[in-house]
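The values are calculated or read from the model by the stated rules, or taken from the named source; none is laboratory data. Computed from a prediction, not measured in an experiment: that's the story for all the values here. Virtual Cβ from ideal backbone geometry, glycine too; neighbours counted across all protein chains shown.
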Amino acid sequence: MLVSKTSMRLLLLISLAALLFGCRTNESPEDQVNDLEITTQLKSKLASDVGVSSVTDISVNSTNGVVTLSGQVDSAEAKAKAEGVAKAVPKVVRVVNNLQVVSKKVAAACCGQSSSYC
């Protein structure tokens, strides 16, 4: 009987450890929903404030309320405006603006290919 109690305790301890460490994520389900809301609201506001044509070149990622903007815009003003729009979205903690300013002439020289081919 002593072996079975020890085995049961060991099995319980291993199961608990697997549950705690195997199911860890960076965000709670509530935070994941908040990030989806932030991303949706931000994309909508970017389309109306910055312009639909610019939004297709802007990627938005939100994790734990930290928004990362990446992609290309055609002016420093558009870059600054996108950052301002992102900061105004509720529940945004911080904005990382990785947008690159690319002139229309350079973009046209790419012949429609992605920027990695330019």
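Computed values, structure above
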| read-out | value |
| --- | --- |
| For PHE21: the one exception among (1) at pLDDT below 80; (2) surrounded by 12 or more Cβ atoms within 10 Å (Cβ to Cβ); (3) assigned to a helix (DSSP H, G or I) | (2) |
| Only listed residue being at pLDDT below 95, buried (at least 18 other Cβ atoms within 10 Å of the Cβ) and within 14 Å of the chain's Cα centre (by Cα), chosen from VAL60, VAL73, VAL55, VAL67 | VAL60 |
| Residue, nearest to GLU37 (Cα to Cα), within segment 76-87, restricted to residues that are surrounded by 13 or more Cβ atoms within 10 Å (Cβ to Cβ) and in contact (Cβ under 8 Å) with a residue 24 or more places away in the chain | ALA86 |
| Filtered residues of segment 52-74 (kept if touching a strand residue (DSSP E or B) at 6+ places or on another chain (Cβ under 6 Å) and among the hydroxyl-bearing types (Ser, Thr, Tyr)) | SER54, SER59, THR68, SER70 |
| Among (1) touching an Asp or Glu at 6+ places or on another chain (Cβ under 7 Å); (2) at pLDDT below 75, the one test that VAL95 misses | (2) |
